[in-house]
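Chemist: What follows is a single structure, and I will ask about it in a moment.
A short reminder: the numbers here are calculations on the coordinates, not readings from a lab. Given the structure is predicted, the values throughout are model-derived calculations rather than measurements. Note that we place each Cβ from the backbone using ideal geometry, even for glycine, and neighbour counts take in every protein chain shown.
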Amino acid sequence: MNATRGALVLSMVVTAACASAPRSAPATLRGTGDLGLIVERAAGRVLVVEHSGMTTLATVEGLGDLSHASVVFSRDGRFGYVFGRDGGLSKVDLLEGRVVARIVQAGNSIGGAISQDGALVAVSNYEPGGVKVFRASDLSFVADIPALDAEGKPSKVVGLVDLPGQRFAFSLFEAGEVWVADLSGPTLALQKFPAAGREPYDGLVTGDGRFYVAGLFGEDGVAVVDLWHPEGGVTKVLPGLSQGEAKLPVYKMPHLEGWAVSSGLMFVPGVGRHEVWAVRVDGWQVVKRIPVHGQPVFAVANPAGRQVWVNFALPDNDTVQVIDVDTLEIVRTLTPGKGVLHLEFTPRGDAVWLSVRDLDKVEVYSTRTFESLCALPADKPSGIFFTSRAARPGF
């Protein structure tokens with residue numbers, strides 16, 4: 001895109017099913033529960049969208065390297081905090097369609113989280129490692145948490161999530177540890193769980209805030225910390241998930257923040273496998289290993305509960321499959337096009353938005369009929385984030 005687009009550029013929709021976009025910034029009086037951001041990864045931009053009418057409202061420029069960007073939202077859904085790969089942290093006003101604050105706080109970042117009360121934003125860093133914490137109001141500095149092992153060696157930080165009580169949990173890749181940082185008091189308190197496993201690569205917290213789960217790339221299984229009973233330390237579960245048998249090459253690591261939890265089951269993408277495992281969260285027992293089309297990356301639960309949608313790594317990233325939670329069977333296979341990178345459901349699960357990077361579009365599907373409802377143009381889209389995430393833990 002050239003500079004004539006300016007700071008706010010409005011996109012036209014490409015099918016008649018999509019509503020027409022307005023010709024100005026999203027200044028119309030509106031609530032924020034209908035809004036979201038789509039990352040245009042190659043261009044350093046985000047699109048402001050609304051999902052009821054399936055329209056693009058504005059484009060916000062100047063966000064740096066968004067090649068692995070993620071977003072969290074303020075409690076009221078008005079502001080999105082965009083974490084860039086270049087260490088940039090940007091605060092975007094969704095109603096005004098503009099950047100209201102931006103800092104570069106590290107050399108290489110990999111995501112972040114917002115505290116339970118919405119007052120603090122934490123960023124996990126590859127370079128120089130560690131976690132930095134800022135005030136959500138103005139991005140002013142609050143705390144620096146270096147990620148150093150027992151010998152003082154720094155680690156990349158991955159799997160940063162928010163926990164109840166002004167806490168954040170995260171994993172140290174090289175050190176193989178899980179830490180919980182408590183910022184509820186006048187001074188920072190750290191709880192460390194050593195020997196969590198080799199090379200944790202991502203993490204999640206279950207919706208009730210009880211279990212922190214770290215995927216392990218360097219050894220078999222996953223690591224679990226019961227945050228209600230932290231005295232129990234780290235438990236290793238799901239043997240055979242990533243090792244155990246002759247496994248396929250790993251073309252893209254599964255993202256744990258996309259692991260689905262529905263009806264007491266967690267749906268876990270196999271590392272280097274063409275399988276999704278259905279696992280009982282109570283006891284961590286495998287109920288079924290579900291064969292799928294390729295190597296799964298995200299397995300995302302429809303908020304309505306009955307479906308889990310799965311996308312895949314190369315060379316199968318043109319395909320999406322739907323698992324029925326009741327039967328644990330594949331009930332639909334769709335081919336939106338090459339480069340399906342991300343899936344995001346509308347708050348009540350009536351539709352799912354899919355970023356199709358290689359075709360420069362976001363495809364919207366009905367979760368009832370599986371028909372395409374709309375296609376919105378987007379320049380190499382990746383992450384899709386709706387403000388309904390403001391009410392979810394661990395994002």
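Chemist: Please report the net charge: other residues with Cβ closer than 9 Å to the Cβ of LEU227, K and R +1, D and E -1.
Modeler: +1
Chemist: Roughly how many nanometres apart are two label points built 7 Å out from the Cα toward the Cβ at ASP76 and VAL100?
Modeler: That separation, rounded to one decimal, is 0.8 nm.
Chemist: Is the shape of the range 256-334 best called rounded, prolate or oblate, per the rule: a/c under 1.5 gives rounded, else a/b larger than b/c gives prolate, else oblate, with a ≥ b ≥ c the square roots of the Cα gyration tensor eigenvalues?
Modeler: Cα axes put the range 256-334 in the prolate bin.
Chemist: Within the range 29-130, list the chymotrypsin sites (Phe, Trp or Tyr not before Pro) lying in a DSSP loop whose Cβ has at most 14 other Cβ atoms in a 10 Å radius.
Modeler: none
Chemist: Here is a follow-up. If each of THR327 and ASP220 carries a label point 7 Å out from its Cα toward its Cβ, how far apart are those two points in nm?
Modeler: Roughly 3.3 nm, to one decimal.
Chemist: Here's another thing I want to ask about it. How about the range 311-395: which GluC sites (Glu not before Pro) there are in a DSSP loop, with at most 12 other Cβ atoms within 10 Å of their Cβ? Please list the in-between numbers first.
Modeler: Values: sites: GLU329, GLU344, GLU363, GLU371; in loops: GLU371.
The qualifying sites are GLU371.
Chemist: Could you list ILE38, ILE330, ILE384, ILE145 so that the one with the fewest beta carbons within 10 Å of its beta carbon is first and the one with the most is last?
Modeler: Fewest-to-most ranking of ILE38, ILE330, ILE384, ILE145: ILE330, ILE145, ILE384, ILE38.
Chemist: If you don't mind, another one. Within the set of other residues whose C-beta is less than 14 Å from the C-beta of GLY130, count the net charge using Lys and Arg as +1 and Asp and Glu as -1.
Modeler: -1
Chemist: Within a 10 angstrom radius of the beta carbon, how do ASP202, ASP316, ASP144 rank from fewest other beta carbons to most?
Modeler: On the way: ASP202 25, ASP316 21, ASP144 13.
In order of increasing Cβ crowding within 10 Å: ASP144, ASP316, ASP202.
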